[in-house]
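Bear in mind these aren't lab numbers, they're just calculated from the coordinates by the rules spelled out. All values reported here derive from a predicted model rather than from experimental measurement. Methodologically, a virtual Cβ is constructed for each residue, glycine included, from the backbone with ideal geometry; neighbour enumeration extends over all protein chains shown.
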Amino acid sequence: MKKVTKTMIIRRNAIAGACLAAGLSFSMQASAASDSSDDVKKALITAVEAKAKQAQVMNDMIFSFGELGFQETETSKYLTDILRQNGFTIEQGISGIPTAWMATWGSGEPVIALGSDIDGIPKASQKPGVAYHDPLIKGAPGHGEGHNSGSVVNIIAALAVKEHMQKNGLSGTIKIWPGVAEEQLGTKAYYVRDGYFKDVDAVLFSHVSNTFATHWGGGYGNGLVSVQYNFYGESAHSAGSPWRGRSALDAVELMEVGMGYRREHLRLSQRTHSIIVDGGDQPNVVPPVASRWYFFRETDYPHIKSLWQIGDNLAKGAALMTNTTWDSTVLGSAWPMHMNKAMAEDAYENIKRVGMPQWSKEDIALAKALQENIGAEPEGLKTEISELTDPPDLKKNTGGGSDDIGDISWQVPTITLRYPANIPNLPGHNWSNAVAMATPIAHKGVVAGAKAQALNLYDLLTDDKLLDAAWDYYKNVQTKDQQYTPLLREQDQPAIHLNEGIMNEFRDKMKSYYYNPDKYDTYLEQLDITYPTVKQAD
């Protein structure tokens, strides 16, 4: 179990002393503590509800920035300004990443860290509240997953708990951090490598969803390593003297041909996909340099490493066939996730206490219209929380998506809160996933998520037995037979250049659409969008 700290002993002794002085029996102590906790949780829910307007403004503001990974300059400045104004100290540029930071408030133990992702999706610009494809700026990025909302959940929750701690003289430290470039799986492994979770007692992560849920254990999705293969040849005139050239693009294409054939003989759980990053400049010049970027996804560390080795072997073969040379760059990595059972069970009780938002007929109309528009089942919005179930059989894991919160989950007990701020049956990483994210659907979902997260944070700050149980699971179940081995190599550094060109192309155009809460109540009002807009005008 986790080491019992001096702060924990002092707090336990103080509680015991107060109870003995009052002449209370053990059973009466337990009953009083339960009643007190229930009253505190009701007060925290009320405190979060009182911050609903602040949550809406923050959510809509970040949505309007629409920034891609490693380029979240406006988003990071906005969030850190709010945190500074509320007494947090900020360590800027952690792990050498300009848009990454660690915010800290309080003192003593326990230390609880809250995180969520902040980056957007390429070509996902979309008018909110409009149930068909209607970009604000054609080709621009946007929040086509909903990462504009998670930091709002955490900050609103933290501010409510912070006020309670100040009022009642409670010790403990709250940390808040952003998942920069999560879509590139680009940063959390560096946070881990650089020791930012070394002294943290528990991590509460939040992620947008269309339901209200948490989970525990492993077997959900894949881990991955993100590798760019660079080939080097020799240029020549493509018509005048092609025999003098050595095409790096040929190597890129041959590598993918090899991968295409190899896929037939890989496990069902793998997910290997790629794009050409650099395919040359123009047809009449033999490309001397070309690059292809791969995600190698698998269910566990050994199989990720094996898939990566296959990629290296294919690169060697492609280089031999084309008389070129090659090297590779790691652009990101993510360990398979493993979430904490004790923390998840506690969080599930808090989710049940909060319950799903009450959707309006307008909310449901938008959801059904969008679902019909993209050819999905028009079920509307979910009205019941998801059950807390046992984890899937690891042997039957057929793979899926990834999140680099996995690396953090292998350093410290961690859970993910999934809060109901988006619409079901959407494809993900798509313009349609942005439709709800600056509407009442997102506003209600964020507030619901913040209520549950505030209760989760309060429990971890005040319940030593919960922390003990979390660390017992972490040490005696999760890491009993498996230890974390970084996928990052010693020479790897954050790929802070990613998306710079895209944001340079669109940022000035996007600035004219930034939300102005001093002038407009909501972003929908600023854009003059009737909610919901379900049909295109003739």
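Can you work out the Karplus-derived ³J(HN,Hα) for every residue in the stretch 70-77? Use 6.51 cos²θ - 1.76 cosθ + 1.60 with θ = phi - 60°, whole Hz, and x for glycine or proline.
6, 10, 7, 5, 5, 4, 5, 5
For the stretch 232-311 and the stretch 451-503, compute the distance between their C-alpha centroids and round to whole Å.
Answer, in whole Å: 33.
Across the stretch 21-175, how large is the tail of the calculated P(r) beyond 24 Å, expressed as a percent of all Cα pairs?
46
At what distance in nm do the modelled label points of Thr479 and Glu264 sit from each other, each positioned 7 Å from its Cα along Cα→Cβ?
4.4
Which value, to two decimals, describes the C-alpha radius of gyration of the chain once divided by 2.2 N^0.38 Å?
Cα-based Rg divided by the globular estimate yields 1.03.
What list of ³J(HN,Hα) values in whole Hz, one per residue of the stretch 151-159 in order, does the Karplus curve 6.51 cos²θ - 1.76 cosθ + 1.60 (θ = phi - 60°) give from phi, with Gly and Pro shown as x?
5, 5, 3, 5, 5, 4, 4, 5, 5
Which residues does a label at Asn425 reach in the stretch 364-392, if reach means a backbone N under 13 Å from a point 7 Å past the Cα toward the Cβ?
Flagged as within label range: 365-382.
Taking the Cα atoms of the stretch 223-334, report the difference between the largest and smallest coordinate on each principal axis, in whole Å and largest first.
50, 25, 18
Give, rounded to the nearest 20 debye, the magnitude of the charge dipole that the stretch 100-242 has about its Cα centre when Lys and Arg contribute +1 at Cβ and Asp and Glu contribute -1 at Cβ.
With Lys and Arg at +1 and Asp and Glu at -1, about 220 debye.
Show the residues, 5+ positions off or on another chain, whose built amide H is closer than 5 Å to the amide H of Gly179.
Ser116, Asp117, Ile118
Select from the stretch 372-457 those GluC sites (Glu not before Pro) which occupy a DSSP coil region and have at most 13 other Cβ atoms within 10 Å, ordered by residue number.
Hits after loop and neighbour filter: Glu384, Glu387.
If you take every DSSP beta bridge whose two residues both sit in the chain, what share of them, in percent to the nearest 5, is antiparallel?
70
What is the gain in length, in nm to one decimal, between Thr46 and Glu379 on full extension, counting 0.36 nm per residue of separation less the C-alpha to C-alpha distance?
This chain segment gains 116.8 nm when fully extended.
Please compute the modelled spin-label separation between Leu394 and Asn516, points set 7 Å along Cα→Cβ, answer in nm with one decimal.
Here the modelled spin labels are 5.6 nm apart.
Where in the stretch 428-505 are there trypsin sites (Lys or Arg not before Pro) that are in a DSSP coil and have at most 13 other Cβ atoms within 10 angstrom of their Cβ?
Here the trypsin sites (Lys or Arg not before Pro) that fit, given the DSSP loop and packing criteria, are Lys480, Arg489.
Using a simple spin-label model with points 7 Å from Cα along the Cα→Cβ vector, what separation in nm is obtained for Thr73 and Glu349?
The modelled label-to-label distance comes out at 4.8 nm.
At a Cα cut-off below 24 Å, give the lysines reachable from Lys42, other chains included and same-chain residues fewer than 8 away excluded.
Lys51, Lys53, Lys162, Lys167, Lys175, Lys352, Lys444, Lys451, Lys465
Tell me the relative contact order for the stretch 270-317 as a rounded percent, counting alpha carbon contacts under 8 Å between residues six or more apart.
34
Helix-only mean residue ellipticity at 222 nm, the chain, DSSP H runs n ≥ 4 weighted -39,500 (n - 2.57), per residue, nearest 500. What is it?
-12500 deg cm²/dmol
How much length is gained if the chain between Gln85 and Lys53 is pulled fully straight, taking 0.36 nm per residue apart and subtracting their Cα-Cα distance, in nm to one decimal?
Here the segment from Gln85 to Lys53 would lengthen by 9.8 nm.
Would you work out the relative contact order for the stretch 404-538, in percent, from Cα pairs under 8 angstrom that are 6 or more residues apart?
For the stretch 404-538, the relative contact order is 20 percent.
Of Tyr514, Gly449, Gly406, whose Cα points farthest to the positive end of the dipole of the stretch 370-518 (charges on the beta-carbon: +1 Lys, Arg; -1 Asp, Glu; origin at the Cα centre)?
Tyr514
So what is the relative contact order for the chain, in percent, with contacts set as C-alpha pairs under 8 Å and at least six apart?
After rounding, I find 24 percent.
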